[in-house]
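The values are calculated or read from the model by the stated rules, or taken from the named source; none is laboratory data. These figures come from a predicted structure and were not determined experimentally. Cβ sites come from the backbone with ideal geometry, for glycine too, and all protein chains shown count toward neighbours. For the accessible areas, the whole protein counts, side chains as well, though only heavy atoms, and no ligand, DNA or RNA atoms are used. Shrake-Rupley method; radii C 1.70, N 1.55, O 1.52, S 1.80 Å.
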Amino acid sequence: MKGHTNCIYTHDTNIQKLQHTRTKYQTHLYHTMIPTQNRRILTFTAVHPCESVSITTLIDSLIKIAGEILSFKSKHFSTNKRSVKETLRHVLSLLIVFQEIRVGLIPAGRSFPRSAILSLSELHVIFQKLMFLLEDCTREGGKLYMLTNSDQISAHFRVLTRSISTCLDTFPVGSIDLPEEVNELIYLLIRQTRKYEARPDRDDKRALDSVYWIFNLFENRINPNRDEVVRVLDHVGVRKWSDCVKEIGFLGEEITVEGKDKNEIELLSSLIGFICYCRCVILGGVDEDEDKEEEDDLVIRGLNVDDLRCPISLEIMNDPVVLETGHTYDRSSIAKWFSAGNITCPKTGKNLVSTVLVGNVSVKQLIQSYFKQETDNKSKKKKTSVPESLAAEEAGKLISDFLAGELINGGSKEMVKALVEIRILTKTSSFNRSRLVEAGVVESLMKLLRSGDPTIQENAMAVIFNLSKDNAGKVRIGGDGGGLGMIVEVLNEGARRESRQHAAAAIFYLSSLGDYSRSIGEIPDSIPGLLRIVNGCDYGDSAKRNALIAIRSLLIQHSDNHWRVLAAGAVSVLLDLVRSGEIGDGAKADSIAVLAKIAEYPDGMISVLRRGGLKLAVKVLGSSEVSPVTKQHCVLLLLNLCVNGGSDVVGALAKDPSVMGSLYTALSNGECGGGRKASALIKMIHEFQERKTETGLQRERFVHAW
């Protein structure tokens, strides 16, 4: 189908031109509106009714869309309120005309001139564009942006309103038997819309002038007058904390759109700085509905993405369905399995009584949430660079200074709000992290780790975790020597599970510095605390993985941590965890990776072998239910065991008839590094077998000669 141009500034003024621009579609007219999320803001691509559309279908659709336009009367408009009011009045008048045609003429079987249908069809296109414009003016998150485009919006209203006059000019009023008062209404509409002059409201101009004045204050690092900021927010309808979050999200998406020039990017960046200042400094705390979003976010962060993969295709499922065995597969993959003549469950091998597929709604919702978060994360990554405008940069410094002061001088309520804001800021931007470190928040946060309020402690630990991602934060956190001990204290004694999880994640980042890795390892409760999370029933895969990669980092960064990990009983814990089958593939891969690191040393090798690690690694390597990454870690573990254990271990491995096939599979599927390790292990086994054969031949020759 072919839609009209996005541009609303051109409009044909006679029937011949209208006919020339029209394209044939299906025989029925559908009220086709392009979804808002698939359309760039302030673009109005509309579809045109087909030439063969019936007058009944056309009028019914016009009545429907007019009603939808009039429903905007109750909504808040951040700009051009007067133009909206005038537009809705014109649409209401047109609705009266449409209803008169529908009730008075169509049931009577009156014929309609072709020019009438053409005129009404063009009105339908205009109404679609009006719908788009009104949607944009009331769009969640786009209120401040629409204010800055008030001149452009006024122009859109002017052109669309005058287009109504052009359409009505071609409407054959004299050829249709409408009541005289309806004809008068049409003539009145023509006069009103032809001369319509839409201009930005004075209040819009005052609010916009205030915004630019606030930008100027930010550039000079001056806090704006609170009342003036509140007036701007009231004008555009941003009244809650969550409103600011939506505004920042929308502006962040806009700034990443390709094709924007430098001035547009600077404006968007300044608007982000302004609305972020409003959220942190002007408005109250987090709305109650945001708590639910945070809980959902925790569920997704605790999710192992491998659990969303189809066991057959190993791809994330598009349409998950459940078999009678309780196992979930992607519909297309399991359908191919059945069409190949298989009537068994691929995972269990059990014969199926029924091949009926039932949609797994809960898994599908998780997949949708996962992809939404991935999209959000990508958008956040694009927004983590230095602000694109001086106003945004200096606003960030003002915000950091304010929040740092709240941690020191604020009451309990102000402190919690400041912690929440700092947590959000440090999560989304390296620029924010560096500004907050410079403002001196680390020292205050360290004191709050020992707070008796679980909420304060959790938020403080989460911020420390975020700050530990950058070198400046690492240096400030562990600079005085006491900070690392406090984090380990939270790891072991934190009031909430989430606090302990954040502590484990922070240890991973902090241990990337060699000196810190040694210092953390020397704290008696650090490694046992991490292992308690790994072994804890109350922790999900995400928490276990945080602890596992922290342990692995401690092993990599400082050799002295090796004996400490062994002494803490890590080998037994990790082997039992892998055997249990109660963890996802990601945690299993991390566990085996830690075991492989431990096995690099002779005492570690002995500990793994004594507890059945060789047999378990071979079993996991041959499993069809683990990822290539997990198998690569298994290959490394086996290689380290063989290198340190010598011919006895290689011989034990060579006795297993399945191991060579598994190694060749790993060799073909592995990345460059994994493939080399598999190749080295295969070579060791071959050389052992050759030596064994040669030794046997020599023994036979000796016996024969004797």
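Of the helices (runs of 4 or more DSSP H) entirely within the range 416-487, those holding at least 2 residues that are over 18 Å from Y516 (Cβ atoms) occupy 430-438, 441-448, 454-467.
Filtering I487, I408 for residues that are on the phi < 0 side of the Ramachandran plot, open to solvent by 50 Å² or more (accessible area, probe 1.4 Å), among the hydrophobic types (A, V, I, L, M, F, W, C) and out of contact with any Asp or Glu (no Cβ under 7 Å at 6 or more places or on another chain) leaves a single hit, I408. Considering (1) open to solvent by less than 40 Å² (accessible area, probe 1.4 Å); (2) assigned to a helix (DSSP H, G or I), the lone condition that I556 does not fulfil carries the number (1). Whether a residue is out of contact with any Leu (no Cβ under 7 Å at 6 or more places or on another chain), under 19 Å from L566 (Cβ atoms) and β-branched (V, I, T) was assessed, and V643 passes this test. Cβ-Cβ distances below 8 Å connect the following pairs, each with a first residue in the range 71-94 that is at positive phi, a second residue that is assigned to a helix (DSSP H, G or I), and a separation of six or more residues or different chains: N80/C137; N80/S150; N80/I153; N80/S154; N80/F157; N80/D204. Here's a check for you: in the range 421-431, which residue that is open to solvent by 30 Å² or more (accessible area, probe 1.4 Å) and not basic (K, R) is nearest to W241 (Cα to Cα)? So the residue we want is I424. Listed by position, the helices (runs of 4 or more DSSP H) inside the range 170-260 whose residues that are under 36 Å from the mean Cα position of the chain (by Cα) and of a type outside the set (G, A, S) number at least 3 are 202-219, 226-236, 241-255. Test R496 against the criterion of being closer than 20 Å to A596 by Cα, open to solvent by 20 Å² or more (accessible area, probe 1.4 Å) and modelled with pLDDT of 90 or more, and give yes or no. It is false that R496 is closer than 20 Å to A596 by Cα, open to solvent by 20 Å² or more (accessible area, probe 1.4 Å) and modelled with pLDDT of 90 or more. In the range 138-169, the residue that is nearest to the chain's Cα centre (by Cα) out of those that are open to solvent by less than 10 Å² (accessible area, probe 1.4 Å) and more than 26 Å from R191 (Cα to Cα) is G141. Evaluated against (1) out of contact with any helix residue (DSSP H, G or I) (no Cβ under 8 Å at 6 or more places or on another chain); (2) modelled with pLDDT under 85; (3) more than 30 Å from E228 (Cβ to Cβ); (4) of a type outside the set (F, W, Y), D306 falls short on exactly one condition, (1). When the range 664-706 is filtered for residues that are of a type outside the set (A, V, I, L, M), at pLDDT below 70 and open to solvent by 60 Å² or more (accessible area, probe 1.4 Å), the ones remaining, listed by number, are N669, E671, C672, E694, T695, Q698, R699, E700, R701, F702, H704, W706. Among the candidates L636, L609, L595, L566, the residue that is open to solvent by less than 30 Å² (accessible area, probe 1.4 Å) and part of a helix (DSSP H, G or I) is uniquely L595.
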